[in-house]
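First up is the structure itself, then whatever we jot down about it.
The values are calculated or read from the model by the stated rules, or taken from the named source; none is laboratory data. Keep in mind that this is a model prediction, so the values were computed, not measured. Virtual Cβ from ideal backbone geometry, glycine too; neighbours counted across all protein chains shown. All accessible areas refer to the heavy atoms of the entire protein, side chains included, with ligands and DNA or RNA removed. Shrake-Rupley method; radii C 1.70, N 1.55, O 1.52, S 1.80 Å.
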Amino acid sequence: MIFLNGKFMPIEQAAVPVLDRGFIFGDGVYELVPVYSRVPFRIDEHLARLERSLNEARIRNPYSRERWREIIAQLIAQQPYEDQGVYFQVTRGVAKRDHAFPKGVEPTVFIMSNPLVNPPAELVEAGARAVTAPDFRWLRCDIKSISLIGNCLLRQLSADVGAVETILLRDGKLTEASASNVFIVKGDVIRGPAKSNLILPGITYDVVIELAREAGMPLDIGEVSERELRAADEIWVTSSSKEVLAIVDLDGKPVGAGRPGPAFRRMYQLYQDFKRRVMRAGRQTVAA
Ligand SMILES: Cc1ncc(COP(=O)(O)O)c(C=O)c1O
């Protein structure tokens, strides 16, 4: 079952008018929340980011935080799988084609939940390949916009060579990757770009920073140059579906020792432990 504009229905029955501004202009925003053992991970943070994206895009938020939580919980309960990825998007609505915003239009809300696909254990163990490319996207990468043609074109560069991600450089600096944030490790210091208009403020990015702080792992958030990226001992990509994944080959050259490093292994474990804590807490809430 999916959710469309207030109703639950089978996906085959879901349809959106062709004049939806999501279809015509890519005029909408979205979120993807991972769900482990039916407990949504960091749902409040995802809903806060949705609210921010809607605000920045000047799209009316049709539901309160509480209502969003309810609908998402109902949708999760209707799926046959335990681990899910809940995708939700809001577009500006249906209107005669005109760039300027229409008046008095209801936003379109679509929510679906699919089985969650995390990287297989072998990839986590062995590490993954990535390539680099110039970040040619717009200057509002902080909005989680459904207009993803830039990200799709960039992702395809790595897909074309069988790599998992395209790591992006703008003006000689690391920004993020086509669908994830990026950290590097040099010595024992974890480094990553600060939040700005040039990167998506990742929920996983925040979790990794919190876990590093909690564990006393040295952290330095600020500009990372292309030279520093290429000289890194470790590179990680982070996202709700990839969690934390080590990149061991960048543009065909080994990263550090060419296998997932010690800081990665520690962070991966911290992340898995944290997930388990969240799931247990979530279950207690449900049981109470
Ligand atoms: C461009 C981009 N950066 C970063 C991320 C990671 O964000 P999150 O950790 O919230 O999934 C994503 C996730 O889809 C993304 O598309």
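Which ones in the range 82-132 are closer than 30 Å to S225 by Cβ and open to solvent by less than 70 Å² (accessible area, probe 1.4 Å)?
P119, L123, V124, A126, G127, A128, A130, V131, T132 - these are the residues of the range 82-132 that are closer than 30 Å to S225 by Cβ and open to solvent by less than 70 Å² (accessible area, probe 1.4 Å).
Which members of the range 103-126 meet the condition of being among the aliphatic types (A, V, I, L, M) and modelled with pLDDT under 95?
Matches in the range 103-126: V117 only.
Kindly evaluate A246 against the criterion of being closer than 27 Å to P40 by Cβ and either open to solvent by less than 50 Å² (accessible area, probe 1.4 Å) or modelled with pLDDT of 95 or more (or both).
Spelling it out, A246 is indeed closer than 27 Å to P40 by Cβ and either open to solvent by less than 50 Å² (accessible area, probe 1.4 Å) or modelled with pLDDT of 95 or more (or both).
What single numbered condition from (1) part of a helix (DSSP H, G or I); (2) surrounded by 21 or more Cβ atoms within 10 Å (Cβ to Cβ) fails to hold for C141?
Exception for C141: condition (1).
Which of the residues spanning the range 44-81 are part of a loop (DSSP other than H, G, I, E, B), surrounded by fewer than 16 Cβ atoms within 10 Å (Cβ to Cβ) and in contact with a strand residue (DSSP E or B) (Cβ under 8 Å, 6 or more places away or on another chain)?
Q78, Y81
How about the range 177-236: which strands (runs of 3 or more DSSP E) wholly inside it have at least 1 residues that are open to solvent by less than 30 Å² (accessible area, probe 1.4 Å) and within 11 Å of the ligand (Cβ to nearest atom)?
Because the criterion is at least 1 residues that are open to solvent by less than 30 Å² (accessible area, probe 1.4 Å) and within 11 Å of the ligand (Cβ to nearest atom), the strands (runs of 3 or more DSSP E) in the range 177-236 that meet it are 181-186.
Can you pull out the residues in the range 1-15 that are assigned to a strand (DSSP E or B) and in contact (Cβ under 8 Å) with a residue 60 or more places away in the chain?
Scanning the range 1-15 gives I2, F3, L4, F8.
Is it fair to say C152 is within 11 Å of the ligand (Cβ to nearest atom), surrounded by fewer than 17 Cβ atoms within 10 Å (Cβ to Cβ) and either under 16 Å from the mean Cα position of the chain (by Cα) or among the polar types (S, T, N, Q) (or both)?
yes
Quick one: is I167 more than 10 Å from the ligand (Cβ to nearest atom) and closer than 23 Å to G26 by Cβ?
no
So in the range 16-35, with the set limited to residues that are open to solvent by less than 40 Å² (accessible area, probe 1.4 Å) and part of a loop (DSSP other than H, G, I, E, B), which one is farthest from the ligand (Cβ to nearest atom)?
Restricting to residues being open to solvent by less than 40 Å² (accessible area, probe 1.4 Å) and part of a loop (DSSP other than H, G, I, E, B), the top hit is D27.
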